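Structure record follows, encoded as structure tokens.
Read-outs throughout are calculated quantities, based only on the coordinates presented, and are distinct from any laboratory measurement. Since the model is a prediction, treat every value here as computed from it, not as a measurement. Here the Cβ positions follow ideal geometry from the backbone for every residue, glycine too, while neighbour counts run over all protein chains shown.
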Amino acid sequence: MHVLVSGGAGFIGSHVVERLLEHGRRVRVIDDLSSGRREHVPDGAELVEASITDPSACRAAVDGVDAVVHLAAIASVTRSVEAPSATHEVNLAATIRLAEAATTAGVARFVYASSAAVYGLIERDAHGEHDPVAPVTPYAIDKYTGETYLRFFAAEHGLDARALRFFNVYGPRQLPSSPYAGVIARFATGLLQGEPLTVYGDGEQTRDFIYVGDVATIVTRHAEEPPTSAALRVMNVCNGSRTSLHDLIATLAPATGAATGAAPEIRHEPARSGDIRHSRGDDAELTAWFPDRPRTALDEGLRRVVDWMQAG
Ligand SMILES: NC(=O)c1ccc[n+]([C@@H]2O[C@H](COP(=O)([O-])OP(=O)(O)OC[C@H]3O[C@@H](n4cnc5c(N)ncnc54)[C@H](O)[C@@H]3O)[C@@H](O)[C@H]2O)c1
């Protein structure tokens, strides 16, 4: 089986490539290295350094592959707010281009990185895939419209498409600037250097964190499953758990060996506008589809982040 991974030099992408190679798959990566890194592409994968905004590069990239895992994006909500048309070119226009190239080439399977951002600022106990969405930023609007286009490609061209709504993915190789879980890298750095930690708001806001290695296994299973239906399948990728920033610090501190044993110094800043207070996904659909999926515990996942940071 031959799989194209767009964004395979990025945080999640490089872990997906690693997992696919472990499973004996042939992997091609298309990445323009705008936020990804060449050295994160595992040995054994073919790297095509090109932008998915280039139609001929998309056509060449899908040639001969059995499945596409489409992760390339400008994964910054802030940047999408500042530059809606520029981010739209990558996050939506290029998604359509890649899906079009894939269907033209007869690729059976298309796995797409959507986002919990499609649920917008709605507060519910847990977001389910059938709940109404309310995307409010250009990033979220493009992600949701990308899903809608894949519904079209599935219905019109029989593409087996999967839209995976990632919640807060964390793990080694994540940039501290990531809007999803960059806070983990920032806190870990602060703890390792004995510096005060900045918390926006009261620290009791919660997120649904999921370890990147578990996400890689889930994405890989989607890519490998024999093509089933010609209907878009939408699935949350989350743990269905709530972790507050204070919980995060309490779990991270021992993992960093918090030098002095003293409680970390926390500086509170005003809550940032537009930050949702609680975000949690309903993982029932994911669990029904993959009952024995790996579930790395938060303390273990955080320890791996710290090990990675300490390894330089
Ligand atoms: N990290 C999370 O928690 C999270 C949550 C929800 C959704 N997502 C989505 O998952 C995907 C991967 O996110 P990530 O956190 O690994 O981000 P990332 O920035 O590490 O990875 C994105 C990759 O896409 C590449 N890329 C960007 N523009 C490109 C272009 N025009 N052509 C080719 N390659 C291009 C980048 O160089 C990078 O390697 C994205 O689609 C993101 O929106 C991530």
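Taking Cα atoms, how many degrees apart are the long axis of helix 245-255 and the longest axis of the chain, rounded to 10 and kept between 0 and 90?
Helix 245-255 and the main axis of the chain meet at about 80 degrees.
Taking every alpha carbon pair in segment 1-84, what does the distance histogram look like in 5 angstrom bins from 0, in percent?
Bin by bin from 0 Å, the calculated values are 3, 16, 28, 23, 16, 8, 4, 1, 0.
Relative to the first principal axis of the alpha-carbon coordinates of the chain, what is the inclination of helix 298-310, with its axis defined by its Cα atoms, in degrees from 0 to 90 and to the nearest 10?
Approximately 90 degrees, to the nearest ten.
Going by amide H atoms built from the backbone, whose H comes under 5 Å of the H on Phe166, apart from near neighbours?
Here Ser114, Ser115, Ala116, Val237 satisfy the definition.
Can you sort Leu175, Leu20 so the residue with the fewest Cβ neighbours within 10 Å comes first?
Ascending Cβ contact count within 10 Å gives the list Leu175, Leu20.
Could you line up Tyr200, Tyr112, Tyr149 from fewest to most neighbouring Cβ atoms inside 10 Å?
Ranked by crowding around the Cβ, least crowded first: Tyr200, Tyr149, Tyr112.
Treating only the Cα positions of segment 250-312 as identical point scatterers, give the base-10 log of I(q)/I(0) from the Debye formula at each q in 0.22, 0.25, 0.27, 0.28 Å⁻¹.
So the normalised log intensities are -1.02, -1.05, -1.08, -1.11.
Take the chain, connect every pair of alpha-carbon atoms lying under 10 Å apart with a spring to form a Gaussian network, then pick out the residue of Leu286, Leu159, Leu98 with the largest mean-square fluctuation.
Per the Cα network of the chain with a 10 Å cutoff, Leu286 tops the list.
When the Kirkwood radius is taken over all Cα pairs of segment 173-258, what Stokes-Einstein diffusion coefficient follows at 4 °C and 1.567 mPa s, in µm²/s?
Diffusion coefficient, whole number: 86 µm²/s.
What whole-number value in cubic angstrom gives the convex hull volume per residue for the C-alpha atoms of segment 1-152?
Once divided by residue count, the hull of segment 1-152 is 116 Å³.
If I take the Cα coordinates of segment 60-139 and project them onto the principal axes, what are the three extents in Å, biggest first?
43, 30, 14
For the chain, taking Cα atoms only, what is the radius of gyration to one decimal and the Dmax to the nearest whole Å?
Over the chain's Cα set, Rg and Dmax evaluate to 19.0, 62 Å.
What is the percent of Cα-Cα separations in segment 94-180 that go past 18 Å?
Roughly 50 percent, rounded to a whole number.
In whole Å, what three semi-axes, largest first, describe the equivalent ellipsoid of segment 153-312 built from its Cα gyration tensor (square root of 5 times each eigenvalue)?
34, 17, 13
I'd like the antiparallel share, as a percent to the nearest 5, of DSSP beta bridges with both residues in the chain.
Around 5 percent of the beta bridges assigned by DSSP in the chain are antiparallel ones.
Pull up all non-local amide H partners of Ala231: gap of 5 or more, or a different chain, and H-to-H distance under 5 Å with H placed in the peptide plane.
Ala161
Counting other beta carbons within 10 Å of each residue's own, what order do Thr220, Thr103, Thr287 fall into, fewest first?
In order of increasing Cβ crowding within 10 Å: Thr287, Thr103, Thr220.
Between the alpha-carbon centers of segment 1-77 and segment 259-312, tell me the distance in whole angstrom.
26 Å
Taking only C-alpha pairs under 8 Å that are 6+ residues apart, what is the relative contact order of the chain in percent?
18 percent
From Cα pairs below 8 angstrom and at least 6 apart in sequence, can you work out the relative contact order of segment 1-120, rounded to a whole percent?
Relative contact order, segment 1-120: 27 percent.
About the Cα centre of segment 1-47, how large is the charge dipole given +1 on each Lys and Arg Cβ and -1 on each Asp and Glu Cβ? Please answer in debye to the nearest 20.
That gives a dipole near 120 debye.
Can you give the angle from 0 to 90° between the axis of helix 212-224 and the longest principal axis of the chain, with both taken from C-alpha atoms, to the nearest 10?
Helix 212-224 and the main axis of the chain meet at about 10 degrees.
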